[in-house]
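The values are calculated or read from the model by the stated rules, or taken from the named source; none is laboratory data. All figures in this text were calculated on a predicted structure; none of them were measured in a lab. We place every Cβ from the backbone using ideal geometry, glycine too, and count neighbours over all the protein chains shown. Each accessible area value is taken on the protein alone, full model and side chains, heavy atoms only, with ligands, DNA and RNA left out. Shrake-Rupley method; radii C 1.70, N 1.55, O 1.52, S 1.80 Å.
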Amino acid sequence: MSKSVILVTGGTGYIGSHTVVELQQAGFETVIVDNLSNSSAEVVDGIARITGVRPHFEKVDCCDRHAMAAVFDKYPGITAVIHFAASKAVGESVERPLLYYRNNLVSLLNVVEEMITHAVFHIVFSSSCTVYGQPAVLPVTEDAPVQPALSPYGNTKQICEEILRDTAASCSALQAVLLRYFNPIGAHPSAEIGEWPVGVPQNLVPFITQTAAGLRKELSVFGNDYHTPDGSCIRDYINVVDLARAHVQAVNYLSGGKNNPAVETFNIGTGKGLSVLELIAAFQKATCIKLPYKITGRRAGDIEQVWANPGKAHTVLGWRAQETIEDTLRSAWKWEERIARVRRG
Ligand code: NAD
Ligand code: WQD
């Protein structure tokens with residue numbers, strides 16, 4: 001029997017590449033579409049080294065409708081799409097909103113229009129816990145209200161969710177799973193793939209690993225005067241391989257035809273909140289590296305605390321996070337050591 005083919009947009013990116021690995025290891029054939037705006041074609045080699053199978057790779061911009069149509073024509077066996085392709089830097093989205101609205105919205109429109117034209121009706125979409133803002137009740141469940149977005153990036157996620165709901169309401173065949181990720185961290189345990197941030201990392205864990213590697217002098221902890229037990233912000237840090245596995249479960253769920261309603265939303269987090277100071281302590285314990293840090297002022301726009309209730313993903317998708325925070329942080333550090341070797345040539 002031939003394998004189901006999954007189209008993975010943004011598949012050479014951080015979460016996409018880990019998902020391609022998990023899909024291939026679960027027996028799926030994969031087609032990556034990526035314009036390499038925030039990743040490298042060498043990621044395909046890393047995936048092949050881990051899985052022993054080279055995914056199909058098409059260097060295509062999802063905003064190019066004709067090129068997307070050609071991909072669906074070339075691979076008539078596609079049964080589902082996982083749509084990761086997007087621009088994701090929150091600060092840049094404030095400075096360049098039109099770029100974010102164009103890239104994140106037009107890419108989704110093209111993907112969905114070509115799916116319908118080619119009778120492909122299952123899509124998994126990368127959404128974000130950013131849609132909840134600061135939830136009134138923690139841990140947050142999927143039925144918590146979506147709050148006004150704090151950035152154009154966050155707004156694109158809300159609009160994309162709406163686009164999928166409206167389209168499914170008018171096209172009864174379309175079935176979508178919206179995965180709201182909490183804070184993805186870590187790398188594949190092989191250190192063959194991981195996140196390669198461009199410039200100074202904005203996210204906490206890449207900044208920690210670059211500080212530990214000596215690329216940054218010290219970590220700034222953005223605020224210790226929040227209404228949390230130790231005063232620093234709390235997040236739900238989810239291992240990227242665990243997160244990738246949620247996509248395999250989502251694809252299986254869609255192909256099982258159980259999706260009801262047609263668009264379902266799931267929190268993908270661990271269910272545990274960790275403060276910035278707790279995360280630093282966990283990194284030091286996991287790696288035996290002392291991390292230089294100082295407390296600075298709050299970062300504008302930061303949410304005080306958010307963590308997931310992932311119960312629905314467990315009950316409905318059969319997914320739950322498995323990796324420990326120490327193993328996850330060790331994987332992030334192993335990856336940092338690997339890219340340090342690459343940087344040195
Ligand atoms: P990433 O930047 O590593 O991966 C995105 C990939 O999409 C990149 O390889 C990039 O080259 C590609 N891409 C961008 N625009 C494209 C286009 N128009 N056509 C084709 N390819 C394009 O980001 P990631 O962290 O892997 O995030 C994947 C998805 O998950 C994004 O939609 C992001 O918004 C979402 N998300 C990420 C996080 C996070 O913290 N990393 C959290 C919540 C949601
Ligand atoms: C985590 C915590 C910071 C850096 C962002 C996006 C969100 C989502 C994931 C996509 C916060 C603190 C950070 C540093 C620090 N992406 N911090 N020093 O802000 O939760 O979420 O990425 O959808 O949309 O906003 O993640 O890793 O930037 O910060 O103290 O140098 O670490 O204040 O409390 P965040 P983050």
query = If we sort 216-227, 10-21 on the protection proxy, mean other Cβ atoms within 10 Å, highest first, what's the order?
reply = 10-21, 216-227
inquiry  = Report, in listed order, any pair from 3/272; 88/285; 217/285; 88/290; 3/59 with a Cα-Cα distance greater than 25 Å.
reply    = 3/272; 88/285; 88/290
request  = Report, to the nearest 10°, how far helix 240-255 tilts away from the longest principal axis of the Cα atoms in the chain, using its own Cα long axis and a range of 0 to 90°.
outcome  = 20
ask   = How big is the gap, in Å, between the Cα center of the range 202-232 and the Cα center of the range 13-36?
value = 30
Mean ellipticity per residue at 222 nm, deg cm²/dmol - from DSSP H runs of n ≥ 4 across the chain, formula -39500 (n - 2.57) = -11500 deg cm²/dmol
ask   = Expressed as an acute angle from 0 to 90° and rounded to the nearest 10, what is the orientation of the C-alpha long axis of helix 107-117 relative to the principal long axis of the chain?
value = 30
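Set the Förster distance to 56 Å, then compute FRET efficiency between residue 65 and residue 296 from the Cβ-Cβ distance, nearest 0.05.
Rounded to the nearest 0.05, the efficiency is 0.80.
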request  = Set the Förster distance to 30 Å, then compute FRET efficiency between residue 162 and residue 25 from the Cβ-Cβ distance, nearest 0.05.
outcome  = 0.35
request  = Under 1.5 on a/c is rounded, so check that first for the range 1-92, then, if it is not, pick prolate when a/b is larger than b/c and oblate when it is not; a ≥ b ≥ c are the square roots of the alpha carbon gyration tensor eigenvalues.
outcome  = oblate
Exposure of residue 84 as accessible area (Å², to 10), given a probe of 1.4 Å and all protein chains = 30
ask   = For the chain, what is the percent of antiparallel DSSP beta bridges, rounded to the nearest 5?
value = 5
note = Normalised Cα Rg of the chain, dividing by 2.2 N^0.38 Å with N its residue count, works out at 0.96
ask   = For helix 325-344, what angle does its Cα long axis make with the longest principal axis of the chain, in degrees from 0 to 90 and rounded to 10?
value = 90
ask   = With a ≥ b ≥ c the root eigenvalues of the C-alpha gyration tensor of the range 41-99, is it rounded (a/c under 1.5), prolate (a/b larger than b/c) or oblate?
value = oblate
ask   = Using a 1.4 angstrom probe and counting only protein chains, how large is the accessible area of residue 307 in Å², to 10?
value = 60
